[in-house]
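Where a number appears in this text, it was derived from the coordinates with a stated rule and is not lab data. In this text the structure is predicted, and so the values were computed from the model without any measurement. Here Cβ is always computed from backbone atoms with ideal geometry, including for glycine, and neighbour counts include all displayed protein chains.
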Amino acid sequence: MKNYLLTGMILLSFTAFSQGFIAALDPDDMSFISNKPCIVKLASGEEIHGKFLGGSMINGYLNNFNIKLENGEKAKFKPEDVARLSVETSRLAKLAMMAESTSSIKELTSTNFDEIVNRNHIVFETAMRHNKKEKLRLMQLLNPGFDSHIKVFADPNAKETTGIGIAGVKLTGGIDKSYLFVQDDQKAVLVKKGNYKKDFSELYAKCPMMLQAFAGEKLKWDDVAGHVFVYAQICD
């Protein structure tokens, strides 16, 4: 009975699910987080606090970056040295991050909604690119707050679906047609809109309850963030 109730709750919550990942920052947006407090977690596990001075975005990935340490000295880091970079957001950065967010997540659980909406940090994590063996890159995490099982990163080559506009004014942005999924710190997997229905069972294979909940349902790319969110809630 519990499984049936959970399945029903999940499916009902999807009546409003759409988008839900935060928008990836463009190279021009890096100024939004300049001189903001940051925490660098090194690959060794050590944490370093300071202020983010800047970094270069190359092909959608954060390359070398610099911070000002608490003692006033400057330090430079490469992706292979870093596990995670968290930079406190400015007001403008928060607006950029919320560009693809949705209140539909609140339909499932208000606690997690609060965790997701209050995005006080822009997070970059090191992961292996899907098309480069053992090549580490610092990529922006697009699902902070519900990334316990699947981490979603921007695909630098992604195209967008068409947004909505009236009289030449763009009201809503398009949705990326592909993302990079990382499960259990493995190599990133390229997840595309065109293949999502076919790949759904493989992507969420570790959670039979998830597959049962969506068996026979019409799987829509617009709900991909909702699928990742539910996976984080019900799959251990």
### Flagged links, alpha-carbon separation over 21 Å, of K68/K151; K151/K193; K51/K187; K135/K206; K36/K187; K74/K187
K68/K151; K51/K187; K135/K206; K36/K187; K74/K187
### Task
Could you check the simple spin-label distance between H49 and E217, using points 7 Å along Cα→Cβ, in nm with one decimal?
4.2 nm
### Message
Between I58 and S34, what is 0.36 nm times their sequence separation minus the Cα-Cα distance? Round to one decimal in nm.
### Response
6.9 nm
### Task
Go through K177/K220; K198/K218; K41/K192 and tell me which ones have a Cα-Cα distance over 20 Å in this structure.
K41/K192
### Message
Once you place label points 7 Å from the Cα toward the Cβ at A75 and D184, how far apart are they in nm?
### Response
3.2 nm
